[in-house]
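Okay, structure first, notes after.
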Amino acid sequence: MNDESQNKMGSPTPEELRRQVERTRDELGQTVEALAGKADVKTQAKEKSAAARKQATEKTAELKEQAAEKTAAAKEQAAEKATAVKEQAAEKSAELKEQAAEKTAAVKEQAAAATAQIRAKTAQAAQAVKDRTPDPVQEKSAQAATQVRESAARAGQFAVDRTPDPLLEKADRVAKAARANRTPLLAGGAVLVAFLLIRRGRGRSK
């Protein structure tokens with residue numbers, strides 16, 4: 001059987017086989033390219049996804065670092081402000097203490113000066129009364145003062161004998177306070193006694 005008889009029976013010729021092979025090869029190539037394209041798309045998607053994750057991680061780390069820096073800066077500023085406030089408060093307290101000490105010293109000086117003036121005036125008044133008082137009246141004043149002291153001593157001893165201990169302690173404190181200012185008190189008492197005796201003497205002379 002020759003080629004013509006085979007063609008008549010339906011068998012493909014070599015040319016047809018070659019064309020079928022080429023067509024099949026082309027189809028396989030297109031299929032391979034299509035598959036390769038799909039694989040490449042998946043790969044690109046994976047790469048894009050990995051890149052996005054990397055960027056997100058880097059961005060998160062950057063934001064965390066910025067937040068940490070801002071927090072540290074805020075803490076440092078707060079600490080500096082707190083220190084400044086403490087220093088200002090300490091300076092103000094020291095200034096107020098110094099002013100209070102100066103005012104206290106000034107008040108003490110004024111009080112001491114006033115006390116000295118009162119004592120001086122009291123002494124001058126007592127001396128003036130003494131200078132103007134006749135000798136007999138001075139003797140009577142001395143006698144009266146002695147009698148007053150003796151009477152006061154007797155009354156004081158009587159009161160001490162009948163006074164409870166707590167009251168005696170209070171009286172002792174009062175006496176100490178009186179002794180601290182006894183000079184003006186004695187001078188004033190002397191002036192009062194002398195004045196009364198002078199009036200009494202003038203009354204008798206009339």
Response to the item:
Checking Lys86, Lys59 in turn, the sole residue that is open to solvent by 90 Å² or more (accessible area, probe 1.4 Å) and under 24 Å from the mean Cα position of the chain (by Cα) turns out to be Lys86
Worksheet item: What about Lys97, is it surrounded by 11 or more Cβ atoms within 10 Å (Cβ to Cβ) and either part of a helix (DSSP H, G or I) or among the acidic types (Asp, Glu) (or both)?
Response: no
Worksheet, complete the sentence: The lone condition Gln110 fails out of (1) touching a residue at least 24 places away in the same chain (Cβ under 8 Å); (2) open to solvent by 90 Å² or more (accessible area, probe 1.4 Å) is (1)
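Between Lys130, Lys121, which is open to solvent by 100 Å² or more (accessible area, probe 1.4 Å) and within 51 Å of the chain's Cα centre (by Cα)?
On the way: Lys130 fails: within 51 Å of the chain's Cα centre (by Cα).
Checking each option against the conditions leaves just Lys121.
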Discussion item. Show the residue pairs meeting these rules: Cβ distance below 6 Å; 6+ apart or different chains; first residue within the stretch 65-76 and on the phi > 0 side of the Ramachandran plot and open to solvent by less than 60 Å² (accessible area, probe 1.4 Å); second residue part of a helix (DSSP H, G or I) and basic (Lys, Arg).
Written reply: none
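The values are calculated or read from the model by the stated rules, or taken from the named source; none is laboratory data. Just so it is clear, the model here is predicted, and its values are computed rather than measured. So basically every Cβ, Gly included, is an ideal-geometry build from the backbone, and we count neighbours across all protein chains shown. In case anyone asks, the SASA skips ligands and DNA or RNA and just uses the protein heavy atoms, side chains included. Shrake-Rupley method; radii C 1.70, N 1.55, O 1.52, S 1.80 Å.
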